[in-house]
Amino acid sequence: MGLESKQTRTAGSSGPETDVELQTPVLRISQLDALELDSALEQLVWTQFSQCFQNCRPGLLTPLEPELRAFLQLLLWRFTLYSSSATVGQSLLSLRYHNTLSSSPRYRPLSRRQKLGLALLTAGPRWLQERSHNLLLCLGLSSGGPGSQGDSGLLQKGLRSCLTLLSSIAQLTSLINFLVFLRKGHHPVLAERIAGAQAVFSKPSVARDITYQYMNRELLWHGFAEFLIFLLPLINTRKLKATVSSIVFGGERADGEGGREAQGVWKECGLCGEWPTMPHTVGCQHVFCYYCIKSHSIADTCLTCPKCGAEAGQPEPVKMEVEMIDR
């Protein structure tokens, strides 16, 4: 009796909890995170699958790559969405799909037709986009003779234009759907809206566990890294290094350079550090390889000598006087 009453109480309490689940809105970031987790899982499965053929000849999977990707995606669909009305990413975030086509106020799982439609709308357009070129080539090979080549060419151009138009319409529709998702918070993907699938909580009173300190640190680091990636190419590090060296070690380098010049030893390129090939100078006392100084002057219009920091002029060949001494 006690067990039966407990089961009855549990069954009776499932209704209000389910109502709370449907009324509680799911965060937009949670839905987007679920999609990202699903995409990462598909990429991981494809990587592991392709590694099984790494010892075979190169390019073995390339002709059938779109079909294999679609097959793996359908295989994941069979053991995740088809079994539990939730993808792997949704399961990790305590989410699942609710059938919005049902008029019941309580939770209703997706029907088989909805699950199959969601899978086809997810894997089908990607496969069609990757195979559109080959399909057009197959249709273009159906010409029977020289007289029909013009008609087949027009047909192929018309089909290509239709596919391009359909692709543009699909992308525009996806963009509009995403803007509506940002406004209302439902159906981040167009396939979910068409199939009537909405993400809801699978457990009552689920709170998103976020370590804001970690997120802030990551956001700050990524922002700083993007700033450095943008800023560093704009800085002439060679000129800056030469300026600092001339300021700090100006006197010592001048003495050293004077001694070398007195001895007539120009055995080192100021850029690559090797024996100068076709030695050229840019107006100072240092010597450079022709290709080194020419490539650097083309890349940097305000080139300076990396040794002394002097402004570089036009590269000119080094002229040296050689005295022949009879013995």
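The table below lists the values:
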read-out	value
Pair list, Cβ < 8 Å and 6+ apart or interchain, from segment 35-51 residues that are under 16 Å from Leu92 (Cβ atoms) and open to solvent by 90 Å² or more (accessible area, probe 1.4 Å) to residues that are assigned to a helix (DSSP H, G or I) and not β-branched (Val, Ile, Thr)	Glu36/Gly89
Conditions (1) open to solvent by 70 Å² or more (accessible area, probe 1.4 Å); (2) under 24 Å from the mean Cα position of the chain (by Cα); number of the one not met by Gln73	(1)
Selection from segment 78-137 of residues that are among the hydrophobic types (A, V, I, L, M, F, W, C), part of a helix (DSSP H, G or I), open to solvent by 20 Å² or more (accessible area, probe 1.4 Å) and within 22 Å of Pro25 (Cβ to Cβ)	Leu92
Selection count where residues are part of a loop (DSSP other than H, G, I, E, B) and touching a Ser or Thr at 6+ places or on another chain (Cβ under 7 Å), scope segment 36-63	1
Test: Leu179 is among the aliphatic types (A, V, I, L, M) and open to solvent by 50 Å² or more (accessible area, probe 1.4 Å)	yes
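The values are calculated or read from the model by the stated rules, or taken from the named source; none is laboratory data. Predicted, not measured: the structure shown is a model, and the values here were computed from it. Using ideal geometry, Cβ is built from the backbone for each residue, glycine included, and neighbour counts are taken over all protein chains shown. For the accessible areas, the whole protein counts, side chains as well, though only heavy atoms, and no ligand, DNA or RNA atoms are used. Shrake-Rupley method; radii C 1.70, N 1.55, O 1.52, S 1.80 Å.
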